[in-house]
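These notes are about the structure you will find just below.
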Amino acid sequence: MTTRHYPFEPLPLPYPLDGLEPFIDEKTMRIHHDKHYVAYVEGLNRALQGSGRFECWTLGRLYCESYALPRCIREAVVRNAGGVFNHEFFFGALCKRGQDAPKGCVASAIHRSFGSFENFQKKFTAAALELFGSGYVWLVLRPDRTLCIMTSPNQHHPCCREGCPLLTLDVWEHAYYLKHQNRRADYLDCWWRVVNWNCVEERYLRCCCRV
Ligand code: MN3
């Protein structure tokens with residue numbers, strides 16, 4: 001994934017579209033992945049077409065070194081590269097039978113930083129409910145090895161400088177409106193049930209080598 005560059009191809013989901021039922025419904029997943037996510041991939045390719053050396057840049061580099069992009073494509077690249085990265089990161093840490101709580105190293109890190117898993121869950125949920133408009137909530141490993149909860153508007157994400165992201169929650173309305181309408185709290189209850197903590201643990205171990 002880290003070496004991918006233009007032309008970007010959409011990644012398939014690591015589970016069937018109905019694989020997260022009954023917590024996240026098939027229709028929501030179909031529109032979210034096949035329409036919203038794919039539109040970001042296509043938008044990124046359109047913005048990069050004919051941009052010369054930037055066609056060889058990876059997703060992470062396009063986002064984190066966006067200051068080097070020509071002004072005429074910068075906004076479109078940042079917006080779409082963020083949309084691609086964020087959706088792949090979000091979809092990638094979901095699974096049919098999520099465990100109720102993490103185990104292993106990331107579980108210990110959550111305990112150290114938040115006191116308990118329950119307290120972490122409460123704080124993460126509160127951040128998601130308070131987030132105004134469209135955006136994401138993140139669990140991030142900071143350079144000092146503590147974990148923190150961050151939010152980002154629109155398709156921004158915590159950039160490389162701020163730490164290493166472990167988990168994200170998409171709280172754009174398209175992620176839940178078909179099933180839950182305005183009841184974001186119901187969506188959160190369902191989302192916690194399908195978090196793939198094994199994936200978060202793998203990300204944590206990889207991040208520990210990087211920060
Ligand atoms: Mn989305």
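Coordinate-derived values only; no laboratory data. Keep in mind that this is a model prediction, so the values were computed, not measured. Note that we place each Cβ from the backbone using ideal geometry, even for glycine, and neighbour counts take in every protein chain shown.
Which whole number of Å³ per residue matches the convex hull of the alpha-carbon atoms in the chain?
Details: hull volume 23.9 nm³, N = 211.
Spread over its residues, the Cα hull of the chain gives 113 Å³ apiece.
State, as an integer percentage, the relative contact order of the chain based on alpha-carbon contacts under 8 Å between residues 6 or more apart. Write down the numbers at each step before the final one.
On the way: 302 pairs, mean separation 50.0, N = 211.
Contact order relative to length: 24 percent.
Can you tell me the dipole magnitude for the range 58-164 around its Cα centre, using point charges on the Cβ only (Lys, Arg +1; Asp, Glu -1), in Debye to the nearest 20?
Details: 13 positive and 8 negative charges, 32 e Å.
So the magnitude is around 160 debye.
Between ASP144 and LYS103, what is 0.36 nm times their sequence separation minus the Cα-Cα distance? Round to one decimal in nm. Each step should come with its number before you reach the end.
On the way: separation 41, 0.36 × 41 = 14.76 nm, distance 2.15 nm.
In short, 12.6 nm is gained.
Per Stokes-Einstein, at 20 °C and 1.002 mPa s, what whole-number D in µm² s⁻¹ belongs to the range 102-211, with the Kirkwood radius over Cα pairs as the hydrodynamic radius?
On the way: Rh = 14.3 Å.
Answer, rounded: 149 µm²/s.
Below 13 angstrom from the Cβ of LYS27, what's the summed charge of the other residues (Lys, Arg +1; Asp, Glu -1)? Display every interim value, and only then the final one.
Details: positive: ARG30, LYS35, LYS179; negative: ASP18, GLU21, ASP25, GLU26, ASP34.
Around LYS27, the surrounding residues sum to -2.
Would you calculate, for the chain, the mean residue ellipticity at 222 nm contributed by helices, counting each DSSP H stretch of 4 or more residues as -39,500 (n - 2.57) and dividing by all residues, to the nearest 500?
On the way: 9 runs with 96 residues, N = 211.
Result for the chain, helices only: -13500 deg cm²/dmol.
Going by C-beta contacts inside 10 Å, put TYR63, TYR136, TYR15 in order with the fewest on the left. Don't skip to the answer; put the middle values down first.
Working: TYR63 23, TYR136 27, TYR15 15.
Result, fewest neighbours first: TYR15, TYR63, TYR136.
Using r as the Cβ-Cβ distance of GLN181 and ALA127, and R0 as 25 Å, what FRET efficiency do you calculate, to the nearest 0.05? Write down the numbers at each step before the final one.
Values: r = 21 Å, r/R0 = 0.85.
E between GLN181 and ALA127, to the nearest 0.05, is 0.75.
What size of dipole, in debye to the nearest 20, comes out for the chain about its Cα centre when the only charges are +1 on Lys and Arg C-beta atoms and -1 on Asp and Glu C-beta atoms? Numbers along the way, then the final one.
Details: 26 positive and 22 negative charges, 102 e Å.
In debye, rounded to 20, the chain gives about 480.
For ILE31 and ASP189, calculate 0.36 nm times their separation in residues minus their Cα-Cα distance, and state this gained length in nm to one decimal.
Values: separation 158, 0.36 × 158 = 56.88 nm, distance 2.08 nm.
In short, 54.8 nm is gained.
Quote the FRET efficiency, to the nearest 0.05, computed for TYR67 versus ARG210 with a Förster distance R0 of 22 Å and r equal to the Cβ-Cβ distance.
Step by step, r from the Cβ atoms, then E = 0.55.
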